[in-house]
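Below is one structure, written out as structure tokens; the observations come after it.
The values are calculated or read from the model by the stated rules, or taken from the named source; none is laboratory data. Everything quoted here is computed from the prediction, not taken from an experiment. Every residue, glycine among them, receives a Cβ derived from its backbone with ideal geometry; neighbour counts consider all protein chains shown.
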Amino acid sequence: MVKQERLLVTEIPGPRSVELLARTRQAVARGVGITLPVFVEQAGGGILVDVDGNHLIDFGSGIAVTNVGNSAERVVAAVQEQVARFTHTCFMVTPYDGYVAVCEALNRLTPGDHEKRSILLNSGAEAVENAVKIARVHTGRDAVVVFDHGYHGRTNLTMAMTAKNMPYKDGFGPFAPEVYRVPTSYPFREPLTGAEAAARAVGQIEKYVGASNVACVVIEPIHGEGGFVAPAEGFLPAIADWCRENGVVFVADEIQTGFGRTGDLFACSHEGVVPDLITLAKGIAGGLPLAAVTGRAEIMDSVHVSGLGGTYGGNPVACAAALAAIATLEELDLPARAREIESLMLPALEELATRHPSIGDIRGRGAMIAIELVDDALATNPTATAAKTPNAAATAAIAKACHAEGLVVLTAGTYGNVLRFLPPLVIPHDLLREGLEILGKSFDSVLS
């Protein structure tokens, strides 16, 4: 087990990481971005150890992937055992019970007591694409409705579904047709109630698309890359109700919010929303690539035989990891751990906001928390429209200061002005507190 303490023995990045970065630039296409160029050689709990021996506090979890911690004991053991037995056969050729067991677990864990079916895939984008395919076959309709600030992936269809142009879409068109975007609920930037925001979105769908043309509505219960935007209460239930009334498939994209991250097993449970289909990935398998679509049996089974699948989908090693990760999540009650993280983070961030008026908003749930930064000279006058001017420069500078002190943080947001925090759900409390202290000092050094 990696020792759970921060330790800096070189500058960040250190000399060996700098050497590896030079090799990276000669070998890896430049389109692959790197947030913090420290090369990791070991990780566990809430710590990343780089090749120079630095121990960094992890507030990123590989973008909400290592919810159960890096190299979790059960996951490691399950992977080692499965690798020794076999690594691949392709479930569509000669199946294996691990795939079935993961589907059974997802059918049990996801919201709703209706009969369900699941399919296993490789990535979140692939899960979203398959959810759309299934919805189109089931409804016989073409249109897909998504929301401002949403992110759904980097394939052609999911780029069309994603709101933000740069860096995800710029220059990659033309994109898949029949994708329509409507306004979401963004409480910090808009005064609408959840019901009002839902009525606005529904009005645009009915006016510009037509309910009878819509196959599915796809939404993140909390927008991830869009800046951890949690909608106003009542927004998601109202959208789900409209879908049900109009024969539209309601798809919850829980790729970043799932598996305990928000303090519930799944974020849509916060308001009791039961999706028709739910897309899953990231935290599903303790760091191994796996994704899924789970949903109502009558919808999932509407697709013809062999219409769904993929060579690597539900790889046996990833399935073994997923079963171990789910067992760990349940044994340790990681949703409760996420709520504990929230109870520690929010007071510290609220205190920080009293010192720095550039903190315009603190939001999120569980261990999915964010700060939105605005122009501090204007933030003191909250009645002014300009008071919410995004401050991307300060956001980048604070992230850089955190990195230099051994705290891994991520940025996000349509305007690039959100610091997002995704610590592993198993992070020790003292390490979490130390990370928050570093964050506070970074704010002080950049903005004071």
Exercise. (1) out of contact with any Ser or Thr (no Cβ under 9 Å at 6 or more places or on another chain); (2) assigned to a helix (DSSP H, G or I): which one isn't true of I369, the others all being true?
Worked result: (2)
For this session: Would you point out which residue out of A338, A348 is within 17 Å of N70 (Cα to Cα), touching a Leu at 6+ places or on another chain (Cβ under 9 Å) and not β-branched (V, I, T)?
Result: A338
For this session: Determine if the stretch 378-386 includes at least one residue that is over 30 Å from V102 (Cα atoms), surrounded by 14 or more Cβ atoms within 10 Å (Cβ to Cβ) and at pLDDT below 95.
Result: yes
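Residue by residue, here is whether (1) within 20 Å of the chain's Cα centre (by Cα); (2) under 18 Å from L56 (Cα atoms) holds:
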{"position": "A338", "(1), (2)": "yes, no"}
{"position": "F421", "(1), (2)": "yes, yes"}
{"position": "L425", "(1), (2)": "yes, yes"}
{"position": "S448", "(1), (2)": "no, no"}
Seminar exercise, completed: For helices (runs of 4 or more DSSP H) lying entirely in the stretch 123-212, having 3 or more residues that are within 17 Å of N246 (Cα to Cα) picks out 124-139, 194-208
Exercise. In the stretch 307-325, is there at least one residue being under 30 Å from D375 (Cα atoms), surrounded by 21 or more Cβ atoms within 10 Å (Cβ to Cβ) and under 19 Å from the mean Cα position of the chain (by Cα)?
Worked result: no
Seminar exercise, completed: Over the stretch 203-221, the set of residues crowded, with 16+ Cβ neighbours inside 10 Å and more than 26 Å from G258 (Cα to Cα) is I205, V209, A211
Exercise. Taking the stretch 86-106 only, how many residues are surrounded by 12 or more Cβ atoms within 10 Å (Cβ to Cβ) and in a helix (DSSP H, G or I)?
Worked result: 9
Seminar exercise, completed: The correct count of residues that are more than 14 Å from V374 (Cβ to Cβ) and either outside any helix (DSSP H, G or I) or not charged (D, E, K, R) (or both) in the stretch 413-436 is 14
Problem set entry | Pick from the stretch 226-242, criterion surrounded by 23 or more Cβ atoms within 10 Å (Cβ to Cβ) and in a loop (DSSP other than H, G, I, E, B), ranking: farthest from the chain's Cα centre (by Cα) | P231
